[in-house]
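Here is the structure we will look at, set down as structure tokens.
The values are calculated or read from the model by the stated rules, or taken from the named source; none is laboratory data. Values in this document were obtained by computation on a predicted structure and should not be read as measured data. Counting neighbours? That spans all protein chains shown, and the Cβs are built from the backbone with ideal geometry, glycine included.
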Amino acid sequence: MQRVYVSTPKNVKIVLVNGIKPDDLPITIKSYPEALEAAKIKRLSRGYLIQRSDKLLPIVLQIDSIQKTVFLQPRRTYSWLLNAKYLFGPKEPPDYYIGKRWLYPKKSFITANDSIISHVRISPEKRGAVYITLSPSIPIFDLKTHDGRYFSGGIFGYELGADYFYKKNKFLSFNIGAATDKIPVDHFGDYEEEANTLYTSIKNNMVFGSFDIGFGISLSRLFYSKTYYDSLIRLESIKTTGLGLSFSAHYKLTRNLKVGFLYQPNLLSLNSSPTFSYQHYMAFQCTLSIPTTRSSHAKINKRSLQ
């Protein structure tokens, strides 16, 4: 069996858990009448003790006169293979291990907006929360050259930023970053090409469950250089300062860690002609969000953890 916590706002009531009324479940683990054995569920002082299964776990919720059923999706787990009893003890019948192969989400959060009840994996943010973000990335460049275009990728990209939640599901992000495709290895050939960028951006972001999508504007400095290694070392370079757009999409792995993608097309050149010239910088990011206060996430109704 496993512990499952369900957090709800104060105006949302848990009506049924796996077909059983929460008030009908004993709070202590020791009080477990045979009548509830078939339900395979126990009510704890905080949360429920649920029998693992490969079936969806239904939870009926109510706000005002509206009821909605949400389902907790189990996921397959292989940690039971490392169980000492399984490895070294007497072998149990095959059915004994079926439930141990599945695991429900330990914590689930219910949100309510205008009588619309939703189930999310990670607790919603608190309005006014501020995060400092650190994002190492894998950069990709598409830059203009004197005789065409230069497309390349690297392994060194970094971004520092701040996120401000002006609503629970919307936030502004301010970022500065730098990236290069140069790698610390010896070069072989008649010439070497290199791309670098410095940029800043501001985006408006919307949160959809575990995903967030952002769009905004960026100011960037793009550097392209080509060094020839012949009788004389010659250098050709293009430096472009431009305005463009900024798009991002991320998926939250945990409360403070997410992975995603950044796309910044540079459309308007400020220091060269033609004025309208397309170049872009892209990056695959892993972002660590550091809260500036202890209670950055929305407060949980402790009574609902039952």
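Results, tabulated for the structure shown:
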quantity	calculated
Among residues of the stretch 141-155, those that are at pLDDT 90 or above and not hydroxyl-bearing (Ser, Thr, Tyr), counted	8
Search result, residues across the stretch 130-164 that are surrounded by fewer than 19 Cβ atoms within 10 Å (Cβ to Cβ), among the hydrophobic types (A, V, I, L, M, F, W, C) and under 18 Å from residue 282 (Cα atoms)	134, 138, 151, 155, 156, 160
Matching option when the condition is within 29 Å of residue 125 (Cα to Cα) and either in contact (Cβ under 8 Å) with a residue 24 or more places away in the chain or surrounded by 20 or more Cβ atoms within 10 Å (Cβ to Cβ) (or both), among 177, 189	177
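Matching residues to (1) charged (D, E, K, R); (2) at pLDDT 85 or above; (3) in a loop (DSSP other than H, G, I, E, B):
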residue: 23; (1), (2), (3): yes, no, no
residue: 35; (1), (2), (3): no, no, no
residue: 42; (1), (2), (3): yes, no, no
residue: 55; (1), (2), (3): yes, yes, yes
residue: 61; (1), (2), (3): no, yes, no
